[in-house]
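A short write-up of the structure that comes next.
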Amino acid sequence: MMELGVPFSKIVLAAQQTIYMVSISLAIGSVLAMMMAMTLVLTNDNGILKNKYVYTVLNTVINIIRSIPFIILMVFILPLTKEIVGTRVGTTAALVPLVVFIAPYLTRLFENSILEVDKGIVEAAQAMGASYFEIVWYFLLPEAYGSLILSVTIGTIGLIGATAMAGAIGAGGVGDLALTYGYERLNFPLMLFTVIVLIIFVQIIQSFGNYFSSKVRNH
Amino acid sequence: MINFIDISKTFTMKKQQTNALDHVSLQVRAGDIFGVIGFSGAGKSTLLRMVNGLETPTGGRIEVDGQDINTLSFSELRQVRKRIGMIFQQFNLLNSKTVYDNIAIPLRLNRVGEKEIRARVSELLEFVGLSDKVNAYPNQLSGGQKQRVGIARALATNPSILLCDEATSALDPETTDSILRLLEKINRELKITILIVTHEIHVIQRICNKVAVMEHGRVIEWGSVLDVFSNPQQEITKKFVQTVIADKIPDSIVQKLQGDRRNYKILRLQFLGENVRDNVLYRINKDFDVETNILFASVNELQQTVLGIFVIQVIGESPEIERVMDYIRNQQLSWQEVMI
Ligand SMILES: Nc1ncnc2c1ncn2[C@@H]1O[C@H](COP(=O)(O)OP(=O)(O)O)[C@@H](O)[C@H]1O
Ligand SMILES: [Mg+2]
């Protein structure tokens with residue numbers, strides 16, 4: 001690794017930090033996004049729990065957050081970050097803006113996935129006497145499953161991009177490595193290396209996503 | 001069993017109002033296969049969906065087994081829905097689940113044990129004739145097979161009523177026939193009351209004992225299939241009935257008649273049951289001094305009864321034709337003179 005100009009341990013640490021940030025914020029973000037997406041689908045105009053106020057408020061909040069670029073969002077919510085994790089800097093501190101960033105994004109993706117489910121399925125569920133929870137659990141989620149996997153895939157890739165900027169608050173990670181060493185210290189080989197690693201990462205994630213999604217869908 | 005009492009339904013969408021149902025009253029009795037026919041947009045689906053509370057009326061009320069559906073709490077309504085099966089034109093099966101899991105769903109919603117579910121599902125698959133498809137996914141099935149799964153799913157919880165919304169409209173004629181036979185078997189063997197809405201008159205002809213004709217949200221005519229088919233009152237009913245029970249004299253024959261200079265009358269006779277027909281035609285020929293020509297004849301089976309329609313030309317002296325008409329008047333059949 002001499003030719004990269006950084007100790008190997010640093011690269012491993014950066015990779016660990018990226019994986020840590022992506023997986024934790026993806027997990028928390030997905031849960032929040034699923035709840036919000038379900039709320040949107042159930043309360044929209046054709047929803048079985050139609051509620052104009054809930055829908056409009058949630059929809060607007062999501063639109064507002066989605067329109068703020070991540071790097072600005074991250075700085076903007078620093079006070080909130082401090083409130084939640086007790087510090088403004090570091091890898092864990094980056095989780096807060098990452099979740100705030102990815103949850104609305106995933107919400108939109110999930111919302112579309114769930115809306116793809118045929119209305120007739122919900123009607124059949126209602127006719128069977130299913131409760132609202134049962135409609136979600138036994139009908140909407142299984143039917144949207146294949147599409148949801150793809151949505152998570154797209155969300156994960158977006159999240160990797162966002163973590164590169166998290167270096168701005170000292171979160172580390174692969175992106176930060178490329179910026180500090182590759183850009184500021186003009187270490188082109190390292191830059192190239194991280195770019196290749198990122199491309200491979202993204203390719204693998206996309207392939208997994210496509211594979212599992214089509215496995216579920218091609219019944 | 002199902003009592004629609006003066007039901008109205010107005011949809012308001014973007015300030016525009018649609019009267020989907022307009023003071024509809026109907027009674028469906030236990031054991032009926034009750035058909036509702038009408039063109040698209042007549043309000044049939046809206047009416048059907050009232051029965052299990054998927055739609056609520058804006059006027060009137062609906063009773064199922066004496067219970068007013070719209071006064072129930074949501075959990076009470078859910079219990080009622082479990083006693084009412086429903087099948088759909090587009091089948092509405094879960095594509096992500098096997099045939100087994102699709103049929104098992106209503107049982108799982110009822111917290112039935114897996115062992116019991118297994119027994120019930122195989123019993124149902126046997127009943128609908130799909131035992132070999134238990135592990136297939138809906139996309140691997142034909143339309144008719146999908147509908148059989150839909151039917152099995154609807155029957156899983158032993159309902160007393162089955163609602164069918166255009167259940168055969170997406171199927172080819174042969175498959176339609178086999179599904180209709182299955183519905184008939186469900187009615188006969190499982191004693192399930194069936195309410196079926198359709199725009200296909202032959203569905204009514206094949207299996208229903210009662211029929212209601214809908215147009216623009218109103219029921220314009222209803223009664224037993226035998227009565228309505230043999231004596232349709234409304235124009236639209238006549239149109240529907242004519243497509244399955246022909247009673248028009250062919251054009252070429254009409255042309256020939258116009259050149260016929262003899263003294264004659266054309267009579268349209270309608271017979272229910274086979275024996276009457278033979279006897280009447282035989283008597284006219286034997287006992288009167290007239291010549292008869294059959295211009296048109298059709299024989300149809302409805303509810304295990306034969307409905308025969310004969311258009312005959314009676315040729316002879318006027319007084320003799322009058323005597324024939326007197327004779328016919330005294331028979332148990334409906335008839336009319338036809339002008340061409
Ligand atoms: N949810 C709805 N919102 C607004 N209009 C509706 C709705 N459902 C049905 N309609 C209208 O009510 C009328 C009857 O519809 P429907 O019962 O589906 O007729 P059919 O099943 O006989 O084709 C149609 O004009 C239709 O556009
Ligand atoms: Mg319809």
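Here are the numbers for this structure:
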quantity	calculated
Qualifying residues in region A:22-48 (those that are without any contact (Cβ under 8 Å) to a residue 12 or more places away in the chain and more than 15 Å from A:F110 (Cα to Cα)) - the one surrounded by the fewest Cβ atoms within 10 Å (Cβ to Cβ)	A:D45
Cross-chain or 6+ apart pairs with Cβ under 7 Å, region B:150-169 first and under 21 Å from B:L130 (Cα atoms) and not assigned by TED's automatic domain parsing to the domain that holds B:L109, then in a helix (DSSP H, G or I) and of a type in the set (A, V, I, L, M)	none
One residue from B:N70, B:N92, B:N158, B:N139 being surrounded by fewer than 15 Cβ atoms within 10 Å (Cβ to Cβ) and within 9 Å of chain A (Cβ to nearest Cβ)	B:N139
Filtered residues of region B:90-102 (kept if hydrophobic (A, V, I, L, M, F, W, C) and within 16 Å of ligand 2 (Cβ to nearest atom))	B:F91
Where A:G170 falls short, out of the listed (1) over 20 Å from A:T107 (Cα atoms); (2) of a type in the set (G, A, S); (3) crowded, with 21+ Cβ neighbours inside 10 Å	(3)
Condition met for B:S252 (of a type in the set (G, A, S) and either crowded, with 17+ Cβ neighbours inside 10 Å or under 19 Å from B:C208 (Cα atoms) (or both))	no
Qualifying positions in region B:78-89 - away from ligand 2 (no atom under 16 Å from the Cβ) and crowded, with 22+ Cβ neighbours inside 10 Å	B:R81, B:I84, B:G85
In region B:73-84, the residues that are closer than 18 Å to B:T193 by Cβ and more than 8 Å from every other protein chain (Cβ to nearest Cβ)	B:R83
2 or more residues within 14 Å of chain B (Cβ to nearest Cβ): qualifying helices (runs of 4 or more DSSP H) within region A:60-173	A:91-115, A:119-127, A:141-165
Any hit, region B:185-205, residues being within 12 Å of the chain's Cα centre (by Cα), within 27 Å of B:V112 (Cβ to Cβ) and modelled with pLDDT of 95 or more	yes
Scope region B:80-98; condition over 25 Å from A:E143 (Cβ atoms) and either in contact (Cβ under 8 Å) with a residue 60 or more places away in the chain or polar (S, T, N, Q) (or both); matching residues	B:R83
Residue match in region B:99-115 (condition: farther than 24 Å from B:F11 by Cα, within 12 Å of another protein chain (Cβ to nearest Cβ) and touching an Asp or Glu at 6+ places or on another chain (Cβ under 8 Å))	yes
Every residue from region A:49-75 that is more than 16 Å from A:R108 (Cα to Cα), under 22 Å from the mean Cα position of the chain (by Cα) and surrounded by 14 or more Cβ atoms within 10 Å (Cβ to Cβ)	A:F70, A:I71, A:L73, A:M74
Residues of region B:39-51 that turn out to be crowded, with 24+ Cβ neighbours inside 10 Å and of a type outside the set (A, V, I, L, M), as a count	2
Condition met for B:S75 (surrounded by fewer than 18 Cβ atoms within 10 Å (Cβ to Cβ), of a type outside the set (D, E, K, R) and assigned to a helix (DSSP H, G or I))	yes
Near pairs, Cβ below 7 angstrom, 6+ apart or cross-chain, from region A:155-168 (among the polar types (S, T, N, Q)) to any residue that is outside any helix (DSSP H, G or I)	A:T163/A:G173
Close pairs from region B:20-48: first of a type in the set (D, E), partner near ligand 1 (Cβ under 8 Å from one of its atoms), Cβ under 6 Å, at least 6 apart	B:D22/B:G217
Boolean, B:I33 is within 20 Å of B:I192 (Cα to Cα) and away from chain A (no Cβ under 11 Å)	yes
Residue within region B:207-219 that is within 14 Å of ligand 2 (Cβ to nearest atom), surrounded by 20 or more Cβ atoms within 10 Å (Cβ to Cβ), among the small types (G, A, S) and away from chain A (no Cβ under 14 Å) present	yes
Wholly within region B:1-54, strands (runs of 3 or more DSSP E) carrying at least 2 residues that are within 16 Å of ligand 2 (Cβ to nearest atom) and under 16 Å from the mean Cα position of the chain (by Cα)	B:33-37
Filter pass, B:T243 being in a helix (DSSP H, G or I), more than 14 Å from chain A (Cβ to nearest Cβ), surrounded by 14 or more Cβ atoms within 10 Å (Cβ to Cβ) and away from ligand 2 (no atom under 16 Å from the Cβ)	no
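Table: residues versus (1) surrounded by 15 or more Cβ atoms within 10 Å (Cβ to Cβ); (2) within 16 Å of ligand 2 (Cβ to nearest atom).
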{"residue": "B:R148", "(1), (2)": "yes, no"}
{"residue": "B:R153", "(1), (2)": "yes, no"}
{"residue": "B:T168", "(1), (2)": "yes, yes"}
{"residue": "B:L171", "(1), (2)": "yes, yes"}
{"residue": "B:E174", "(1), (2)": "no, no"}
{"residue": "B:L183", "(1), (2)": "yes, no"}
{"residue": "B:E189", "(1), (2)": "no, no"}
{"residue": "B:I192", "(1), (2)": "yes, no"}
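The rows are residues; the columns are (1) within 8 Å of ligand 1 (Cβ to nearest atom); (2) at positive phi.
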site	(1), (2)
B:H23	no, yes
B:Q27	no, no
B:I37	no, no
B:A42	yes, no
B:S45	yes, no
B:G60	no, yes
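The values are calculated or read from the model by the stated rules, or taken from the named source; none is laboratory data. A quick note: this is a predicted structure, and the numbers were derived from the prediction, not measured. No Cβ is skipped: glycine too gets one built from the backbone with ideal geometry, and neighbour counts run over all protein chains shown.
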